[in-house]
1. What's the FRET efficiency of residue 49 with residue 109 using the Cβ-Cβ distance as r and R₀ = 30 Å, to the nearest 0.05?
2. Which value results when the Cα radius of gyration for the stretch 285-422 is divided by 2.2 N^0.38 Å?
3. Relative contact order of the chain: what whole-number percent is it, with Cα pairs under 8 angstrom and at least 6 residues apart?
4. Provide the FRET efficiency to the nearest 0.05 for the residue 249-residue 364 pair, computing r from the beta carbons and using R0 = 41 Å.
5. If each residue of separation counts as 0.36 nm, what is the full-extension length gain between residue 213 and residue 169 once their alpha-carbon separation is subtracted?
6. Find how many whole Å separate the alpha carbon centroid of the stretch 394-436 from the alpha carbon centroid of the stretch 243-322.
7. Return the Cα extents of the chain along principal axes one, two and three, sorted largest first, each rounded to a whole Å.
8. Please enumerate, by chain and number, the aspartates and glutamates with C-alpha under 18 Å from the C-alpha of residue 141, excluding those fewer than 8 residues away in the same chain.
Amino acid sequence: MADQSTNGSQLEAVIVDGGRIPFQRSGTGYNDLMAYDLGRLAVEGIISRAPIDGGDLDRVIMGTVIQDVNTSNVARESALGAGIPNHVPAHTVTQACISSNQAVTSAINLIKAGQAKAVLAGGTETMSDIPIRFRKTFRQKLLEARKYKSISDFLKFFKGLRPSHLLPEIPAIAEFSTGETMGESCDRMAAHFGISRQEQDEYALRSHQLAAKATNEGWLDPELLPAAVPPDFDTIEHDNTFREDTSMEKLEKLSPAFIKPHGTITAGNSSAFTDGASASLIMEKEAALQKGITPKAYLRGYTYVAQDPEDELLLGPAYATPKVLDAMGLQLSDIDVFEFHEAFAGQILTVLKTLNSDTFAQEKLDRDQKVGEIPMDKFNCWGGSLSLGHPFGATGVRLVTTAANRLHHEDGELALVAACAAGGQGHAIVLERFDG
């Protein structure tokens with residue numbers, strides 16, 4: 001993290017602006033759009049209010065998870081669709097739920113290496129139009145058919161085919177390595193660490209109430225990019241993901257979603273399938289200042305971690321948090337703003353519990369003492385993924401953007417962003433408010 005420029009001064013990455021189109025529950029506001037469309041809308045939105053032109057960008061990097069074969073490099077397609085000049089290179093990254101975190105840190109690396117002065121980092125995801133394909137036997141038959149020349153060749157197409165081969169193959173939201181869904185893994189983890197159903201429902205209620213308050217107070221407005229949705233171009237201005245009218249009574253009535261009948265993970269205390277896209281403008285500090293631009297925050301130290309996806313699938317933040325704090329010589333008490341990804345209430349409560357556990361610290365972190373307790377009055381105060389939604393490829397930039405905005409809104413100095421991801425991976429990054 002100490003790359004130097006040619007004149008010997010340290011190159012520093014800053015976030016100038018960040019935003020997202022309003023997140024929508026899958027099958028609603030963006031039902032007819034591709035991930036490309038959502039990415040294009042986010043890029044258009046951030047560039048329309050940016051202090052630089054699209055042609056001033058050195059790179060566009062976007063995260064996505066469920067790729068459409070027609071737009072496999074969705075960053076490039078979204079950039080071109082948004083009017084970014086074709087001389088600006090663009091590439092797509094994927095790292096499950098931390099894909100756009102990877103876009104952000106890739107931008108940091110380019111800036112610190114002197115390879116870029118301005119990067120657009122974002123992410124896009126749709127769950128309303130996931131790729132569904134034929135089963136492998138039928139796919140192979142279709143590929144072979146391209147070589148057919150005679151009628152007899154085409155007649156053998158049906159040899160060996162069964163009706164079951166024509167059934168669609170729908171992508172599973174499960175770990176390839178274990179075959180277990182994230183919800184099932186979280187259910188086991190919550191039980192292992194003693195996180196009750198009531199605690200999870202209470203946390204979910206908190207998330208929805210805070211998201212509703214932040215929306216109603218206008219605190220989220222700076223990060224929302226109104227989206228004019230074709231073909232009628234009706235404008236979507238707010239998230240439709242949070243439940244302002246939910247209550248403990250409603251949450252308690254929901255049945256277990258994964259491990260039945262005794263599981264504790266329900267639709268109410270889980271993040272919902274969500275469509276959305278995000279974008280941020282990241283620049284080299286001096287380049288921004290020379291253009292008269294005031295950044296929002298420095299992007300400081302960051303880390304990525306990986307654990308056993310079978311037993312510690314969602315514990316990434318519990319490992320990444322102490323690692324990044326130690327690297328920067330910080331403690332939890334130095335952090336003013338916490339923004340952690342909420343995949344499930346059971347997941348986030350387990351992370352908080354393990355960070356505050358001497359046993360976990362000694363057995364898993366090789367530390368004598370626990371990392372510490374995160375004060376809830378600093379934690380996800382404007383809602384989180386449980387309430388605001390979780391478009392896989394876009395959440396990371398939402399977290400970073402919200403953290404930067406909260407630093408100014410709450411007069412804080414340092415923010416910590418952390419997230420878990422499929423594959424047993426995790427990420428954490430520290431932001432420092434820019435005061436000029």
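Just so you know, all these numbers are worked out from the coordinates, no wet-lab data involved. Just so we're clear, the structure is a prediction, and the values are computed from it rather than from any experiment. Quick reminder, even Gly has a Cβ in these numbers, built from the backbone with ideal geometry, and neighbours come from all protein chains shown.
1. 0.70
2. Scaled against compact globular proteins, the figure is 1.08.
3. 26
4. Working from the Cβ atoms, E equals 0.65.
5. So the extension gain works out to 11.7 nm.
6. 10
7. Over the chain, Cα extents along the principal axes are 75, 56, 44 Å.
8. Correct list for residue 141: 153, 169.
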